[in-house]
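Here is the structure we will look at.
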Amino acid sequence: MNARGAMAQYRSVQSQGAVTDARPTRLIQLAYEHLLGQLAVARGCMERMRHKRELADVIEKGRAVAKVNGILGELSASLDLERGQDIAGNLLALYSYMMTRMTDANLHDDVRIVDEVSSLVREIKSGWDQLVETGA
């Protein structure tokens with residue numbers, strides 16, 4: 001096994017351990033962390049494609065955007081609209097908006113849209129970070 005494969009396997013085991021032992025608030029926090037990572041991947045691909053359009057970047061960008069939209073979809077599905085009321089409804093609308101924006105970013109290779117979505121995710125994540133920190 002090469003070094004890259006070993007590191008990927010290590011990260012996978014480490015991530016599985018973090019998920020297995022996590023409280024629900026920590027799981028959401030992990031989802032936001034993964035979202036930000038995939039947004040960075042998509043943005044990096046788009047930046048590289050400005051200079052030279054490589055098939056590998058096109059494929060990787062598409063995968064990253066699909067993962068972003070998949071995570072946003074899972075976050076949407078996990079909302080309890082009955083108990084969460086206005087907050088859950090607002091998050092649902094925001095997740096839907098971000099999925100639409102990421103589809104636009106993918107179609108037009110627009111890093112500004114990725115930056116907008118990243119900023120929104122960081123803002124929401126900061127609230128979850130506080131919840132995890134206080135042990136909620």
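Going Cα to Cα from K52, which aspartates and glutamates come in below 16 Å? Please leave out same-chain ones fewer than 8 positions away.
E60, D109, D110
Taking K125 as the anchor, which lysines have their alpha carbon closer than 29 Å to its alpha carbon, excluding any fewer than eight residues away along the same chain?
Partners within reach: K61, K67.
Just so you know, all these numbers are worked out from the coordinates, no wet-lab data involved. The structure displayed is predicted, hence computed values, not measured ones.
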